[in-house]
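For reference, the structure is listed below as structure tokens.
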Amino acid sequence: MKNNKIIKGFSKLSKEAKIEWITKEYLNDEKEYVNLLKSYWHEDPKVQKIHDEFIENTITNFYIPFGIAPNFLINDKVYCVPMAIEESSVVAAASKNASFWMERGGFKSTVISTTKIGHVHFAWYGEYEILKNFINSIKQKFFDETKQITKNMNERGGGILEIELINRADLEPNYYQLQAKFETCDAMGANFINSLLEKFSKILTREISKSNLSENDKKIVIIMCILSNYTPECIVRCEVNCRIEELSNDPNIDNEEFAKKFEQAIHVANIEPYRATTHNKGIFNGIDAVVIATGNDFRAVEACGHTYASRSGQYRSLSNVEIKDGKFRFWIDLPISVGTVGGLTTLHPMVRFSYKLLANPNSKNLMKIIAAVGLAQNFGAIRSLVTTGIQKGHMKMHLLNILNQLGADQNEVEKTKEYFKDKVVEHSAVVNYFKELRNVSN
């Protein structure tokens with residue numbers, strides 16, 4: 001039976017032809033969708049062409065709000081931080097808490113290490129000691145025969161740092177890893193690392209095949225060659241601190257009690273995975289927004305962070321707190337691999353704008369900025385949770401979304417904002433008030 005919803009050669013169609021086929025086969029040929037998709041095309045065809053070629057089968061652009069969080073004092077330098085995110089209250093919270101800590105010395109960020117890791121995963125069927133001695137005997141070849149690939153990176157101070165054999169046969173029969181560590185400087189380094197790993201696998205296969213090992217020991221199966229997005233040796237630390245009596249400028253909040261509840265909230269996130277998951281999600285609200293705005297891979301950053309949060313065997317908080325000698329100290333250790341060269345950094349116009357706004361940071365400085373935003377976001381969330389509750393601030397920021405859904409005009413928006421100025425915003429309450437407004441205005 002013929003099915004018009006199945007198509008071959010879709011990728012070869014023009015953008016217009018793709019839209020025409022989709023609307024005809026899936027959208028009842030309704031032209032409003034054609035107009036919708038085209039309305040999101042960039043007015044400059046050259047810019048649109050760049051966007052079209054980022055991914056495959058592009059038909060339009062999907063907008064995410066691009067906001068600014070000012071007043072981030074990081075290592076004695078003030079930043080306006082770009083944030084691309086669709087969730088209400090995130091940018092507002094980042095801005096509010098940046099200002100809060102600016103008055104208390106700002107954020108102190110330090111990059112502890114920048115080592116990346118990749119593996120050649122393979123199966124080998126001989127004795128481990130034989131393999132270990134053989135790998136050691138050919139190790140220099142991995143460095144020597146990849147000089148063409150590493151030349152430019154070496155000139156920038158990076159390259160291959162270390163290569164070692166990892167025995168994982170206790171977990172999977174005959175399974176081993178050729179683990180390599182790298183420094184990729186200002187590049188995220190995925191293509192660089194993967195190219196080297198694939199070259200390593202060829203060298204390893206060749207050297208084993210021509211060795212004096214027994215025929216059984218020459219049997220090797222390369223499973224895969226891939227970098228790891230888990231980078232526990234690529235770490236940035238960011239912290240804030242102040243005297244406990246400086247923790248609040250709200251006379252209704254006792255600073256000692258606030259500090260104690262804050263400390264308990266972090267402890268809860270360290271022992272309770274249900275809470276830790278939401279706790280860390282809030283941290284990534286800030287982190288992801290900056291990562292996206294700077295053209296980096298937020299999925300890799302998230303995956304790494306969550307794995308790091310589980311390194312003890314239980315999923316825990318990424319942030320920590322210490323109250324000692326009348327001082328409040330709050331910090332985060334964040335494994336994060338980002339780049340400031342390559343990828344979208346020179347192609348995407350808004351990414352270029354982000355780097356210009358941040359004074360063109362290198363990868364280490366970008367790590368520091370990202371960590372500061374994550375810490376600010378977490379501080380704001382915990383502060384709300386242990387005082388007024390999370391919904392008061394979040395729903396006030398969400399109010400405009402509700403009113404837009406209801407089709408409110410500017411006059412109705414202003415009246416509703418004024419009415420809920422001293423009330424908790426709830427969706428049903430907004431709808432009911434809006435209905436009253438419409439009845440009055442009608």
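The values are calculated or read from the model by the stated rules, or taken from the named source; none is laboratory data. Keep in mind that this is a model prediction, so the values were computed, not measured. Backbone-built Cβ (ideal geometry, glycine too); neighbour counts: all protein chains shown.
The set of residues in the range 302-332 being basic (Lys, Arg) and closer than 20 Å to Thr278 by Cβ consists of Arg311, Arg316.
Applying the criterion of being touching a Ser or Thr at 6+ places or on another chain (Cβ under 6 Å) and part of a strand (DSSP E or B) to the residues of the range 237-280, the residue that is surrounded by the most Cβ atoms within 10 Å (Cβ to Cβ) is Cys238. Pairs linking a residue in the range 124-153 that is within 15 Å of Asn174 (Cβ to Cβ) to a residue that is basic (Lys, Arg), with Cβ atoms under 9 Å and 6 or more positions apart or on different chains, are Trp124/Lys219; Tyr125/Lys219; Gly126/Lys218; Gly126/Lys219.
Within the set Asp254, Asp288, the sole residue that is at pLDDT below 95 and of a type in the set (Asp, Glu) turns out to be Asp254.
Quick check on the range 61-78. Is at least one of its residues modelled with pLDDT under 95 and in contact with a His (Cβ under 8 Å, 6 or more places away or on another chain)? Within the range 61-78 (the criterion being modelled with pLDDT under 95 and in contact with a His (Cβ under 8 Å, 6 or more places away or on another chain)), the answer is no, since none of the residues qualifies.
When we screen Thr110, Thr60 for residues that are touching a Leu at 6+ places or on another chain (Cβ under 6 Å), surrounded by fewer than 19 Cβ atoms within 10 Å (Cβ to Cβ) and not assigned by TED's automatic domain parsing to the domain that holds Ala169, the only hit is Thr60. Listed by first and then second residue, the pairs with beta-carbon distance under 8 Å, at least 6 apart or on different chains, first residue in the range 34-50 and under 23 Å from Thr23 (Cα atoms), second charged (D, E, K, R), are Val34/Glu20. Going through (1) at pLDDT below 95; (2) in a helix (DSSP H, G or I); (3) not hydrophobic (A, V, I, L, M, F, W, C) one by one, Tyr308 falls short only on (1).
Looking at the structure I just gave you, is Asp170 in contact with a Ser or Thr (Cβ under 9 Å, 6 or more places away or on another chain), surrounded by fewer than 18 Cβ atoms within 10 Å (Cβ to Cβ) and under 30 Å from Gly126 (Cα atoms)? In short, no. Taking first residues from the range 300-322 that are assigned by TED's automatic domain parsing to the domain that holds Phe258 and partners that are outside any helix (DSSP H, G or I) and of a type in the set (Gly, Ala, Ser), the Cβ contacts under 9 Å between residues at least 6 apart in sequence or on separate chains come to Ala300/Ser337; Val301/Ser337; Cys304/Ser228; Cys304/Ser337; Ala309/Ser317; Arg316/Ser310.
Restricting the first member to the range 158-172 and to residues that are in contact (Cβ under 8 Å) with a residue 40 or more places away in the chain, and the second to residues that are in a loop (DSSP other than H, G, I, E, B) and among the polar types (S, T, N, Q), the beta-carbon pairs closer than 8 Å and six or more apart or on different chains are Leu161/Thr115.
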